[in-house]
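Asks: Let me give you the structure first, and then I'll get to my questions.
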Amino acid sequence: MKISKLIKIIKEEVNKLVPRIKICKGNFRCGNNDLNSLEGAPKIVEGSFICSNNNLPSLKGAPKTVGGTFCCSYNDLTSLKGAPKIVEGYFDCENNEKKFTEEEVMAVCEVKGNIYV
């Protein structure tokens, strides 16, 4: 299923995503919840993907390609395993359990914009 508008899941206190969308033609925002997994997220997001302010221990299940910004700040991340392969915008992984380096981000993801660690 393709979706061509913004998908926003905010303050729903959900802890998991339901796999229904493979391609999101807009932005996908699932920040400010209680997510502990990105399993079920779209595989391709043509806009930005925002999953900040959750309880994510990993990025397993994150989209493979993000056409805008990828923001996973303010989570419990200790690894970037599962991060998108390509991010056209900036990549923000600030304020996680582990303090990542730009080199660690570039090792798992081709980022076209700035990297915020």
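Asks: Among the listed pairs Lys60/Lys98; Lys43/Lys99; Lys22/Lys99; Lys25/Lys64, which are separated by more than 24 Å between their Cα atoms?
Replies: Details: Lys60/Lys98 16 Å; Lys43/Lys99 26 Å; Lys22/Lys99 31 Å; Lys25/Lys64 14 Å.
From the list (Lys60/Lys98; Lys43/Lys99; Lys22/Lys99; Lys25/Lys64), the Cα-Cα distance tops 24 Å for Lys43/Lys99; Lys22/Lys99.
Asks: What does the helix-only formula give at 222 nm for the chain: each DSSP H stretch with n ≥ 4 adding -39500 (n - 2.57), the total divided by the residues, and the result rounded to the nearest 500 deg cm²/dmol? All intermediate terms of the calculation are to be shown ahead of the outcome.
Replies: On the way: 1 runs with 7 residues, N = 117.
Per the formula, -1500 deg cm²/dmol.
Asks: Of the peptides 104-116, 54-66, how do they stack up when ordered by the mean number of other Cβ atoms within 10 Å, highest first?
Replies: 54-66, 104-116
Asks: In percent, what relative contact order does the chain have, based on Cα pairs under 8 Å that are 6 or more apart in sequence?
Replies: On the way: 357 pairs, mean separation 21.0, N = 117.
Computed over the chain, the figure is 18 percent.
Asks: Rg(Cα) of the chain divided by 2.2 N^0.38 Å? Working shown, then result.
Replies: On the way: Rg = 12.6 Å, N = 117, 2.2 N^0.38 = 13.4 Å.
That ratio works out to 0.94.
Values quoted throughout were computed directly from the atomic coordinates according to the rules given, and no laboratory measurement underlies them. The model shown is predicted, which means the values in this text are computed figures rather than measured ones. No Cβ is skipped: glycine too gets one built from the backbone with ideal geometry, and neighbour counts run over all protein chains shown.
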